[in-house]
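Chemist: This is the structure, below, for whatever I ask next.
Laboratory data are not the source of any read-out in this text; all were calculated from the coordinates shown. All of these numbers come straight from a predicted model, not from anything done at the bench. Positions of Cβ are backbone-derived with ideal geometry, glycine not excepted, and every protein chain shown enters the neighbour counts.
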Amino acid sequence: QVQLVESGGGNVQAGGSLRLSCLASGSTNLITATGWYRQAPGKQRELVAAINRSGAETVYADSVKGRFTISRDKAENTVSLQMNSLKPEDTAVYYCAATTGGPLDRESTYEYWGQGTQVTVSS
């Protein structure tokens, strides 16, 4: 089993920055990739970014490329999402997810999910 806890959400004005963190515990040695998803009110959950275990492979949603950066600290079992130049349309609940195998960009791959953290960007 893997447990995921997100932190770092909050309220920010457009153009500002936030850094989300996802701390994994439990059988972390089984994790092959970690992703960040988000869900805005009335919309489907969507992939924001994902990173594999080594950090050599990353994927980003087109809407966040050049603004968001995903990274991992293996020693701390933490995956972070640095979000810059935030826009009101980035407002959503952000979820951390982990998989023990499968494509990084497929939601069905992810077996473990955190509780989510709210990000609100005001104009």
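Chemist: Once the piece of chain linking residue 5 and residue 62 is laid out straight, how much longer is it, given 0.36 nm per residue of separation minus the C-alpha distance between them? Before the final figure, lay out the partial values.
Modeler: On the way: separation 57, 0.36 × 57 = 20.52 nm, distance 2.56 nm.
Difference between extended and current length: 18.0 nm.
Chemist: Also: In debye, nearest 20: dipole of segment 13-123 around its Cα centre with unit charges on the Cβ of K, R (+) and D, E (-)?
Modeler: Approximately 120 debye in magnitude.
Chemist: May I ask you to derive the relative contact order of the chain, considering only C-alpha pairs under 8 Å and at least 6 residues apart, and to give it as an integer percent?
Modeler: Values: 304 pairs, mean separation 43.7, N = 123.
Reported as a whole number, the value is 35 percent.
Chemist: Subtract the Cα-Cα distance of residue 32 and residue 84 from 0.36 nm times their separation in residues, and report this length gain in nm to one decimal.
Modeler: On the way: separation 52, 0.36 × 52 = 18.72 nm, distance 2.63 nm.
Length gained between residue 32 and residue 84: 16.1 nm.
Chemist: Let me ask something else about it. What translational diffusion coefficient, in µm²/s and rounded to a whole number, does the Stokes-Einstein relation yield for the chain at 25 °C and a viscosity of 0.890 mPa s, taking the hydrodynamic radius as the Kirkwood radius over Cα pairs? If you can, show how the numbers build up before the last one.
Modeler: Working: Rh = 14.1 Å.
Reported coefficient: 173 µm²/s.
Chemist: Over every pair of different alpha-carbon atoms in segment 57-123, take the mean of 1/r and invert it; report that Kirkwood radius in Å.
Modeler: Values: mean 1/r = 0.0745 Å⁻¹.
One decimal place: 13.4 Å for the Kirkwood radius.
Chemist: Here's another thing I want to ask about it. Mind checking which lysines have their C-alpha under 20 Å from residue 87, skipping anything on the same chain fewer than 8 residues away?
Modeler: The reachable lysines, counting only those whose Cα sits under 20 Å from residue 87, are 43, 65.
Chemist: Would you mind getting me the FRET efficiency between residue 53 and residue 17? Use the beta-carbon distance for r and R0 = 22 Å, nearest 0.05. Let's see the in-between values first.
Modeler: Details: r = 26 Å, r/R0 = 1.20.
Efficiency, rounded to the nearest 0.05: 0.25.
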